[in-house]
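Reviewing the structure listed below.
Here, each number is a calculation from the coordinates, and none is a lab measurement. Everything quoted here is computed from the prediction, not taken from an experiment. Cβ coordinates were reconstructed from backbone atoms using ideal geometry, including for glycine residues, and neighbour counts include every protein chain displayed.
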Amino acid sequence: MAITIKNDKQIEKMRLAGEITGRVLNLLEKKIIPGITTFELDKIAESYIMECGALPSFKGYYGYPASICASINDEVVHGIPSKERVLKEGDIISVD
């Protein structure tokens, strides 16, 4: 496996992407309440990412339909947001 050395411009883009990601996760943390759907969380994230002048990297990747992954309780990873996935009191959610 080769190691790719990034130039200053690439590193700056990565820093900015990480900053936006962190802000999105902080925003979603405040929105995660009983009664919200994972679809709504996805739309909040997508809207914020685009307001920042960026594009959601998950959306469209190998056909993935959403901007976030939202896994509830015993789902390990890559839960697809849905209008039918409503959070309940006590649910544990992982968002990436």
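In this structure, residue 88 and residue 26 have a Cβ-Cβ separation that, at R0 = 25 Å, corresponds to a calculated FRET efficiency of about 0.65.
Helix 8-31 and the long axis of the chain differ in direction by around 10°, with both axes built from C-alpha atoms. Extending 7 Å from Cα along the Cβ direction at residue 75 and again at residue 11 yields two label points whose distance is 3.7 nm. Candidate cross-link partners of residue 6 among the lysines, defined by an alpha-carbon separation under 28 Å and a same-chain spacing of 8 or more, comprise 59.
From the residues 32, 87, 50, which one has its Cα farthest along the dipole of the chain in the positive direction, the dipole being from +1 and -1 charges on Cβ of Lys/Arg and Asp/Glu about the Cα centre? My answer, from the dipole projection, is 50. Match the structure shown to one of the listed values [x] 13, 44, 34, 9, 0; [y] 15, 43, 28, 11, 3; [z] 16, 43, 24, 14, 3, 0 of P(r) over Cα pairs in 10 Å bins from 0, in percent, computed from it, and give that label. Structure-derived value, by its label: [y].
Once both axes come from the Cα atoms, what is the angle between helix 38-51 and the longest principal axis of the chain, in degrees from 0 to 90, rounded to 10? In the chain, helix 38-51 runs at an angle near 30 degrees to the longest axis.
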